[in-house]
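Scroll down for the structure; my scribbles are underneath it.
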Amino acid sequence: MPEVRLRFAPSPTGYLHVGGARTALFNWLLARKEGGKFILRIEDTDVARSTQESVDAILDGMRWLGLDWDEGPFYQSDNFPLYKEFVEKLLAAGKAYKCYCTAEELESKRERALQEGRKPKYDGTCRELTGEQAGKPYVVRFRAPQDGVTGFDDLIKGRIAFNNEELDDLIIQRSDGTPTYNFVVVIDDATMGITTVIRGDDHVNNTPRQILLYEALGYPVPHFAHVPMILGADKTRLSKRHGATSVMAYRDMGFLPEAMVNYLVRLGWSYGDEEIFSRDDLVEKFSIENVGRSAGVFNPDKLLWLNAHYIKNGDPVRLAGLLVPFLAERGVDPATGPDLVAVVKTLQERARTMLELADGAVFYYRREFDYDEQAAAKFLKPEVAPLYEALLAKLAALSSFSHDGIEAAFKALCEEQVIKMGQIGPPVRIALCGGTTSPSIYEVMEVLGAAETQRRLERALTKLRG
């Protein structure tokens, strides 16, 4: 049985779009499930729009998602001599011909066809020409069959067929000698031995032309699977007006790659009612037959929910490492304060993004910070001072400054002072964190340590005394 070979072939004219990332993911998953090869090819024949910056952005996005490739990246721009060779083969075999019609002549033919209610396809003026027209510019056209049907069994959409009379003679080489997309993609896929092509369904209409080229060149036709597009909430094609569309923008917004992978694969693919999939789960369970035929609707809230799940259940050591650059953006060096892994453990239960995790961690590393004005006005009152003093005494007496010991100190304080936790908790939280929202007081104190906890309580006590 031949090796399964799939590819992702982006054009380097921008960032890695979430739609492209999903296509790459489907190809990667099928290659991994079948024990085949996943090939990365950069389709950079559009020299005017292709940039190295875009190539780097695509590669960074692939690496961030963990979509490692087995071969490549290959660049189409390196293959111009090969494309030229195949053009000459088709010309020599009479399967392609030179077309000398000018742009003005073609536009005139197009307008006339539209006026007469005909499809504006090329009328074959040069199809049967013999001899060269020396010095006159020309394009090279593929000599397509003019009758019959070209069809294929799409792995997602089912049987699709086109009448050949609807297909015109495709230009495979422009007048400047550069090859066209539909031609080079066939040459690349054929010579790379690609067995399955998974791509967006905006390519469906290209497929019959490409099939005819495979057959003319004597190469086996790969299986095709056309994935429905991704829509925004308004059911139009996903674009910047719906929010971020770049994969790396989601990284910068604090999303984890595993959440993005899980979310993208579920935009069109399903496995019963399951929502949460590890990478190993996906490799085991993915099948192209379970990709739906209807477009997926991008739901940022669902992605946020998944991200919260992966943060909550993530390895604190890994999360701490990922958190460092987000803290740096906030002017925080975690080496100057408590253990970052311990900090993460107190926050990951409620954080939905790495940005929220970073924002929540800042107070641990700020030696000086302002108190929330409304909270301070409500809870930092003179009668709290004796409670601070009593708490400081109890904490100083602890043999072990641990969660259990701290909790016991608070319980003893409440019993002796005949107060409820609601009377001492908020003012202590303000002293430690600056506001009334934070992880458990016991956890916060344990992470801050005895000395820093004491310093922050004494700072608040000094403020109360004026």
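Figures for the structure shown
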item	result
Count - residues of region 155-170 that are out of contact with any helix residue (DSSP H, G or I) (no Cβ under 8 Å at 6 or more places or on another chain) and either crowded, with 17+ Cβ neighbours inside 10 Å or of a type in the set (D, E, K, R) (or both)	5
Residue in region 176-187 that is under 26 Å from the mean Cα position of the chain (by Cα), in contact (Cβ under 8 Å) with a residue 40 or more places away in the chain and not in a strand (DSSP E or B) present	yes
Residue pairs meeting the criteria (Cβ under 9 Å; at least 6 apart or on separate chains; first under 20 Å from residue 257 (Cα atoms) and touching a residue at least 40 places away in the same chain (Cβ under 8 Å), in region 269-289; second assigned to a loop (DSSP other than H, G, I, E, B) and of a type in the set (S, T, N, Q))	269/287
Complete set of residues in region 340-359 that are in a loop (DSSP other than H, G, I, E, B), of a type in the set (Lys, Arg) and closer than 13 Å to residue 443 by Cβ	350
Verdict on residue 132 being in the same structural domain as residue 182 (by TED's automatic domain parsing), in a helix (DSSP H, G or I) and over 20 Å from residue 181 (Cβ atoms)	no
Region 15-24: number of residues that are of a type outside the set (Phe, Trp, Tyr) and either part of a loop (DSSP other than H, G, I, E, B) or over 28 Å from residue 155 (Cα atoms) (or both)	1
Filter pass, residue 261 being among the aliphatic types (A, V, I, L, M), closer than 23 Å to residue 28 by Cβ, part of a helix (DSSP H, G or I) and assigned by TED's automatic domain parsing to the domain that holds residue 140	no
Residues that are surrounded by 10 or more Cβ atoms within 10 Å (Cβ to Cβ) and closer than 11 Å to residue 96 by Cα, drawn from region 127-150	127, 139, 140, 141, 142, 143, 144
Pairs, first closer than 17 Å to residue 319 by Cα and among the hydroxyl-bearing types (Ser, Thr, Tyr) in region 248-264, second assigned to a helix (DSSP H, G or I) and modelled with pLDDT of 95 or more, C-beta under 7 Å, six or more apart	250/260
Verdict on residue 93 being under 21 Å from residue 182 (Cα atoms), surrounded by fewer than 17 Cβ atoms within 10 Å (Cβ to Cβ) and among the hydrophobic types (A, V, I, L, M, F, W, C)	yes
Looking only at region 93-129, and only at residues there that are assigned to a loop (DSSP other than H, G, I, E, B) and touching a Ser or Thr at 6+ places or on another chain (Cβ under 9 Å), the one that is nearest to residue 217 (Cα to Cα)	100
Neighbours by Cβ (under 9 Å, 6+ apart or cross-chain): first from region 92-103, under 14 Å from residue 128 (Cβ atoms); second among the hydroxyl-bearing types (Ser, Thr, Tyr) and surrounded by 16 or more Cβ atoms within 10 Å (Cβ to Cβ)	98/138; 99/122; 99/138; 100/138; 101/122; 101/138
Residue 341, sole failed condition from (1) surrounded by 21 or more Cβ atoms within 10 Å (Cβ to Cβ); (2) touching a Pro at 6+ places or on another chain (Cβ under 7 Å)	(1)
Residue 362 being assigned to a helix (DSSP H, G or I) and either in contact (Cβ under 8 Å) with a residue 12 or more places away in the chain or over 23 Å from residue 310 (Cα atoms) (or both)	yes
Selection from region 321-339 of residues that are under 13 Å from residue 354 (Cβ atoms) and either in contact with a Phe, Trp or Tyr (Cβ under 7 Å, 6 or more places away or on another chain) or not in a loop (DSSP other than H, G, I, E, B) (or both)	321, 322, 323, 324, 325, 326, 327, 328, 329
Residues that are at pLDDT 95 or above and small (Gly, Ala, Ser), drawn from region 293-328	308, 314, 320, 321, 328
Region 391-405 residues that are farther than 10 Å from residue 450 by Cα, paired with ones that are part of a loop (DSSP other than H, G, I, E, B) (beta carbon under 9 Å, 6 or more apart)	403/440; 405/398; 405/399
Per-region count, region 370-395, residues loosely packed, with under 15 Cβ neighbours inside 10 Å and either among the charged types (D, E, K, R) or within 16 Å of residue 456 (Cα to Cα) (or both)	8
Residue that is surrounded by the most Cβ atoms within 10 Å (Cβ to Cβ), among those in region 190-207 that are assigned to a helix (DSSP H, G or I) and out of contact with any helix residue (DSSP H, G or I) (no Cβ under 8 Å at 6 or more places or on another chain)	207
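Per-residue answers, yes or no, for (1) over 15 Å from residue 283 (Cα atoms); (2) not in a loop (DSSP other than H, G, I, E, B):
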site	(1), (2)
13	yes, no
26	no, yes
32	no, yes
38	no, yes
45	yes, no
54	yes, yes
67	no, no
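The values are calculated or read from the model by the stated rules, or taken from the named source; none is laboratory data. On a predicted model such as this, the values are computed, not experimentally measured, just so you know. As a convention, Cβ positions derive from the backbone with ideal geometry for all residues, glycine included, and neighbour counts pool all protein chains shown.
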